[in-house]
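Presented below is the structure to which this report refers.
The values are calculated or read from the model by the stated rules, or taken from the named source; none is laboratory data. What you are looking at is a predicted structure, and each value in this text was computed from that prediction instead of being measured. Positions of Cβ are generated from backbone atoms using ideal geometry, with glycine treated the same way; all protein chains shown enter the neighbour counts.
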Amino acid sequence: MKKMTFAAAALAATLGAASTASADNIVEIASADARFSTLVAAVSAAGLAETLQGPGPFTVFAPVNDAFAALPEGTVETLLKPENKGQLTDVLLYHVDDRKLTAEAIPAGSNYFKPILASERICITKGASGVSIADGTGNSANVVIANIMADNGVIHVIDKVLLPGTRPACH
């Protein structure tokens, strides 16, 4: 974990030096928030930082560090190995939509959404108690903070890491 925290800090310092007077992009916002240090390290290891700094638009369902820590022991370390870059990329892109989906733009009820990982689907349910996202394992994440606006999209903070698998039930 220390290596990931160091990598995240290094990436944050690099990105901070490159920031402009405009609003921050998704990577800059995540890099500036210690709750996302594992996510930032993973994005860096997968080579996705440049993409997520691009013009977008993107919606990122961003797991906090505690969500990564809740994965089975050794999962994060295994995914961060260079030989697992493809699998890490798939997991990360499962958290990204190529549209700007604010909480208000998500329709009420349960609906399938297609993240950038085009072969998979997630089920987003919006109701009176908030927004939850079912992944390919049958588990659900809750949106704990919505609508962190970036100049290239929006971040919704979630409490679980979404994992591809089979199409979740969405009803």
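Are any residues in the range 118-137 within 14 Å of Tyr94 (Cα to Cα) and not hydroxyl-bearing (Ser, Thr, Tyr), and if so, which ones?
Ala118, Glu120, Arg121, Ile122, Cys123, Ile124, Ile133, Ala134, Asp135, Gly136 - these are the residues of the range 118-137 that are within 14 Å of Tyr94 (Cα to Cα) and not hydroxyl-bearing (Ser, Thr, Tyr).
Kindly list the number of the only condition in (1) farther than 22 Å from Ile26 by Cβ; (2) in contact with a Cys (Cβ under 8 Å, 6 or more places away or on another chain); (3) not charged (D, E, K, R) that fails for Asn84.
(2)
Test Val161 against the criterion of being closer than 21 Å to Leu48 by Cα and at pLDDT 95 or above, and give yes or no.
Answer is yes for this residue.
Has the range 115-132 got at least one residue that is more than 15 Å from the chain's Cα centre (by Cα), at pLDDT 90 or above, in a helix (DSSP H, G or I) and not acidic (Asp, Glu)?
no
What single numbered condition from (1) within 23 Å of Leu71 (Cα to Cα); (2) part of a loop (DSSP other than H, G, I, E, B) fails to hold for Val157?
(2)
Restricting the range 55-102 to residues that are among the small types (Gly, Ala, Ser) and loosely packed, with under 15 Cβ neighbours inside 10 Å, which is nearest to Ile133 (Cα to Cα)?
Out of the qualifying residues, it is Ala70.
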